[in-house]
Each structure stands twice: as structure tokens, then as C-alpha cells.
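Just so it is clear, none of the values below were taken in a lab; they were calculated from the coordinates. What you see is a predicted model, and the numbers here were worked out from it, not measured in a lab. Ideal geometry is used to build each Cβ from the backbone, glycine not excepted, and the neighbour counts take in all protein chains shown.
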Amino acid sequence: MNKDKQFEDKLIKFIDRAEVTSVPYGNDIQTIHVAGMEPFQVPFVPKFSGWVVIHRRVDDSVIFNRTWEEYKNGFGDLRGNFWLGLEKLHLMTKFQPHELYIQLEDFNNETRYARYTNFRIGTDAQYYELLSVGEYDGNAGNALDTGNEYSAKNMKFSTPERDNDKYDYFNCAAAFASGWWWNDCFWCKIINNEQETEITALKSKLIEHQFAKDTLLRHKIKNGADSKEQNGIFPAEATSCLAFGNSNDIQTIRVPGAEAFQVPCDSKFAGEGWTVIQRRMDGSVSFNQNWDEYRNGFGDLRGEFWLGLEKLYLMIKFQPHELYVELEDFKSEKQYARYSNFTIANEAQYYELLSVGKYTGNAGNALDSGMYGMTEKNSKFLTPDRNNDSTHECAAAMSIIWDKTIIDH
């Protein structure tokens, strides 16, 4: 095996009873022969022969919400996004240990990796169980072998129509629309429809497939516009964004209990008078923040930001407010969720989500679905350094923040 440091740090090597037609420094599709299967094609890593890419996902051009048979046989474009296939992977790793190298890359082109010394999976009859991963090295976190009951090691592979996970409440593969060695849904999910990554010989992309691009808030409107708005009379300092004209700008508001502060306003998504309380669109701001930062707010009001829990609590304390969440995917297709009565508690109550009201929209009622007895309503807010959930430290594990139950974006 080549001991070159760059060679070792970049690649996943499959040394097997496979006869490989290798092309030195080639970057093309090649044919390999593995005992127990007809010859098949695989992508090879640029500049190094003998190293096979088993999975690539860099954009949304291929859907990974597939059946057992498709995950077994493989799907996608070997020159683009693809999954090589569980049966091929089993036969390639069957006879001797293989290394696995996973590299993640974020929107800022920052990379992390996880490397395992002995990667091996079982047969179809064993549901392609993840038999071994070996020793871990890297800076991405050991998600495959966590050392506790949530480990992916020794788990059977699951797909949306074959539930082999240990999670009691629902089928993880169906919930996250992807196959994987699921355990309890939250610790390790490289292939899914929310955070797309790539397990390959060389490189992967960490991409949010569909995220809350804008989250908006406004006073609940009853019986038409407010009389002050009708008369064109506005207070010098409003308690939320004013509903007039093209109010897509930064305004200053004052609410009882806080100094005046600035908020972005919006009139294009769902009518006039909306205050934007969160925006995520490109990964330029990290949302892996602590309790104080979520309480006080962070980010750029003209870009990605979180307004702050204390401001949010004071804004909605005295009267009902509507909540509007807009989602947008890579194809610029949009969905929304709208709630008629959004209220949260104070900090002493961990900013508990007290009410969301009636849901309308086409994105799905994620805040109060009642599915499998699970709901975000009446859950306390949590951050990586403040665990208020009832199971395990979801925010720390996922490096994202929301209320208790289903915490993925």
C-alpha cells in the first residue's frame, strides 16, 4: 500500500480480490472484476489508480430517496451524483479489511474528514449490516462508532420501505427520505434530503437541500388593516415592522422591556408588515451557537442572522402574532408554512414554544404535526451547551438549534 501522506489522507482504498484495469493518473470510469459478480464500472480518484469512489453527492441532480433494490444495485451517474450499490460494496470489502475515508466540505470550502481503518459490511441476507469500521481518525467526529447505544456500527441498512433502525417512534429512512445504517435517526446521516453530503474516495459537499430561507413574524391581523395604517399614521417607534409601501428594509422598533433595536422587514412573501426573525441562505454564518448568542441574536441583518429569543419573546408577549416560514431548494422551488398564533415563553421557562395556532401551507406542519405523538409545541428551546430535550443532547449532536423533538432543518 502506498504510504505517501497525501495518498493516505485523501483516499479510500479497496484492496480486494478484484482485478482492476488501472490507468495511471487516470480520471475516468474503469471496469473491475469481483468474485461473485459480473464486471462493473466504477469511478477512480484523479491521479491515483486503484482507488474507488463509492458515493458522490455534490448537488440536487439525483434523488437519494430510493428503494431497497436501488440501494442494493446502485443508482445515479458515475460521473456525477451516485451510490455504487450495497451488493458491490459487500463483495469488494468481503475478503480483507479496507479503509474508508469520508471528506465533508461546507459552503466556505472548509473541509473535514473521518477515516476508518477496517470498513466491512454484511450480505443481503444480513441486511448489509455495518460489521466493522475499525479505528477512527479525523476532525469531523466519529459518527459511525460513537461508543454508545446510538452507534451506526452493527446496524442494518434501512431504506424508506425497509425499517431496520432502533428508533421507536418512526422509520428514520422514511422520515429523512434516504437509505443509511440508521440507528435512532440523529447521530449519523450522510445520505439524506436535508443535509446532503458525499461519502467518496476523495471529496464531498455538505449542503442543506431545503432550509428555512426566511422566517417572518407579524401582528395577527383581524378585521382588515389597523386604523392607524388606514389613516397613514404611524408611531415614531413601532413595535414591529410597519405595513406600508415597499417595506423591505431595516427598521427600528421598540418593545417594552428592551432598548430600541433594528429588524429587517419584508413585504414580498406574504403581504406587508412582516418582521424577519431569521434568514439562512448560503452558509455564510454558523448557526452552531451557544445559549447566550441565541438569546441575544447574531449574524448580519442584511444576510444570514438570528434575531434573538429575548427580542422575539418581548415582541410577541402582549398580542398574538403570525409566523411564516419559507423554504427554498436548489431548484428555487419554494414551499411555506404559516401559523396563526405563535407565542413563546420567557427565559426562565427556556423560551418554551407555547403556541403555534392553526397551520396552513404546503411545506408540512413540522411544528405541531402530532405524528407519532411528537410535536415541537410545548418544547423548550435548546442549544449545544443547554440541553432541554427529553432524550439525548440533540443540539450538540447535530450542531443545530431548534426545539426538542425533530430538530433537523
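As a proxy for reagent exposure, ranking 72, 380 by other Cβ atoms within 10 Å from fewest up yields 380, 72. The distance between label points at residue 261 and residue 318 comes to 1.7 nm (points 7 Å beyond Cα on the Cα→Cβ vector).
Take the Cα of residue 347, go 7 Å toward its beta carbon, and the backbone nitrogen atoms of the range 256-298 under 15 Å from that spot belong to 257-259, 290-298.
Taking each residue as 0.36 nm, the span from residue 96 to residue 385 lengthens on full extension beyond its C-alpha to C-alpha distance by 99.9 nm. Neighbour counts of other Cβ atoms within 10 Å put 155, 37 in the fewest-to-most order 37, 155. A full extension of the chain between residue 332 and residue 109 corresponds to an added length of 78.1 nm, given 0.36 nm per residue minus the alpha carbon distance.
By the beta-carbon count within 10 Å of each Cβ, the least crowded to most crowded order of 71, 150, fewest first, is 150, 71. Pairs from the list 317/358; 72/331; 268/334 with a Cα-Cα gap above 20 Å: 72/331. Stretching the chain fully between residue 166 and residue 139 yields a gain of 7.0 nm (0.36 nm per residue, less the alpha carbon separation).
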